[in-house]
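To start, the structure itself, in structure tokens.
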Amino acid sequence: MSKVDGRSPLWLWGPVVLQMAIIFGASSIQNLGELPGGISDKSGHSIGYALLGALFLRAFARGRFRDVTWRSAAAAIIVATLYGVSDEFHQMFVPGRTADRYDVLADCIGATLGVAVGWLAGALGRWGILDSSS
């Protein structure tokens, strides 16, 4: 297996693919019901996509805080949101589920928040407050 900057593609992209699979699996359930802890549907979308956005950012930045850029942050938000759009399309074919543009909005907001946290960690790393080189 090839390595990029000392980090394997599986280490970088495995968590992204796993989170995408979890989202796809949840979207395939005909009647998902209530989320644990009284979490609303839109909050659940935001949480899931915050994690997905942060994982995309991590992969695009090669797993290093100091490699987080505006380009990698924008790419992470765009790709996570596009996955949200594709997930809503997928739900049109699941009995008992429907596509909802407000779910995509919640996905985009969540991805943006997840990337913002990653961006802040990157800034702290560049300032020497967080060290991701170890």
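Coordinate-derived values only; no laboratory data. Because the structure is predicted, anything quoted here is derived from the model rather than measured. FYI the Cβ positions are ideal-geometry reconstructions off the backbone, even for glycines, and counts take in every protein chain you see.
The angle between the Cα long axis of helix 9-27 and the main principal axis of the chain comes to about 10°, on a 0 to 90 degree scale. Magnitude of the charge dipole for the chain, about its Cα centre and with charges confined to Cβ atoms of Lys, Arg (+1) and Asp, Glu (-1), is about 580 debye.
In cubic angstrom, how much convex hull volume per residue do the alpha carbon atoms of region 1-133 span? Before the final figure, lay out the partial values.
Details: hull volume 14.6 nm³, N = 133.
Dividing the Cα hull volume of region 1-133 by its residues yields 110 Å³.
Sorted largest first, the principal axis extents computed over the alpha-carbon atoms of region 1-62 equal 42, 19, 14 Å.
Note down, for region 54-114, the three equivalent ellipsoid semi-axes (square root of 5 times each alpha carbon gyration tensor eigenvalue), biggest first, whole angstrom.
Working: eigenvalues 150, 21, 11 Å².
Semi-axis lengths for region 54-114 are 27, 10, 8 Å.
Relative contact order of region 40-134: 43 percent, from C-alpha pairs under 8 Å at least 6 residues apart in sequence. As I understand it, the value is the acute angle between the Cα axis of helix 70-91 and the longest principal axis of the Cα atoms of the chain; what does it come to in degrees, rounded to 10? So the helix axis and the longest Cα principal axis differ by about 20 degrees. For the chain, the longest principal axis of the C-alpha atoms and the axis of helix 41-60 are separated by about 30°.
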